[in-house]
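The values are calculated or read from the model by the stated rules, or taken from the named source; none is laboratory data. Computed from a predicted structure; not experimentally measured. Don't worry about glycine lacking a Cβ; one is built from the backbone with ideal geometry, like all the others, and counts go over all protein chains shown. SASA here: full protein model, heavy atoms, side chains in, ligands and nucleic acids out. Shrake-Rupley method; radii C 1.70, N 1.55, O 1.52, S 1.80 Å.
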Amino acid sequence: MKKILLMSCAVLMLCLVSCASVYDPAPQILPEHIKKVFVRPITNNTNQFGLEAKFTNAIIDEMLRDGRLSLVNSAAEADGILTGTIRRYILQPLTYDANMVTEQYKLWIIVSVSLVDRENNVTLWTEPNLEGIQIYLDATRGGFGEGMTEEEARELIWERLARNIVKRTIRGFGSVTSVSERKVPN
């Protein structure tokens, strides 16, 4: 019995090791000629006012913080153009107290982002359903000490999304993935 169990474990380990080495995609790195990027102002397809400016600024700040690419003020000067659209903005109550007052929320923002190689007129990458999620306790509810406002939750999402977009731009394939279209509500 011990021999069968030991043999089974050995075969399983061999399968795991061999399967892990089979799929090894070559990394797709930003082409050498792209040194300057223009961040086109993000468009907002939601009914929430002013989201696009905050998100655009978060991406620009993260690009500046990273420092590997130069930012330019027009598409004509750029080697690559970063475009994006805020597609969904969903604020969902999660938990309620005994009086049916919301205590906890889930903020879910879905954006579509892509990078275009201006010289070759080719889309280098696109993330059609990049999501940012923040679950937070309502700031007006006393006693927790961990609450935040909807604006603070949005800022955390902008920072996370901007970091992922810069990572996707610099490192390429496999660094960020979109959610399934089935998961995105209509």
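Observations on the model:
- The conditions of being modelled with pLDDT under 95, hydrophobic (A, V, I, L, M, F, W, C), open to solvent by less than 60 Å² (accessible area, probe 1.4 Å) and under 21 Å from the mean Cα position of the chain (by Cα) are met by Leu30.
- Residue in the range 46-65 that is closer than 22 Å to Leu30 by Cβ and assigned to a strand (DSSP E or B) present: no
- Any chance Gln134 is assigned to a strand (DSSP E or B), open to solvent by 70 Å² or more (accessible area, probe 1.4 Å) and over 13 Å from Val166 (Cα atoms): no
- Residues satisfying the stated conditions in the range 54-75, i.e. open to solvent by 90 Å² or more (accessible area, probe 1.4 Å) and in contact with a strand residue (DSSP E or B) (Cβ under 9 Å, 6 or more places away or on another chain): Leu64, Asn73
A quick yes/no check of all residues on (1) within 17 Å of Asn45 (Cα to Cα); (2) part of a loop (DSSP other than H, G, I, E, B); (3) modelled with pLDDT of 95 or more:
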{"residue": "Arg88", "(1), (2), (3)": "yes, no, yes"}
{"residue": "Met100", "(1), (2), (3)": "no, yes, no"}
{"residue": "Val166", "(1), (2), (3)": "no, no, no"}
{"residue": "Ser175", "(1), (2), (3)": "no, yes, no"}
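- Test for Asn164: is it open to solvent by 80 Å² or more (accessible area, probe 1.4 Å), of a type outside the set (A, V, I, L, M) and either free of Cβ contacts under 8 Å to residues at least 12 places away in the same chain or out of contact with any Asp or Glu (no Cβ under 7 Å at 6 or more places or on another chain) (or both): no
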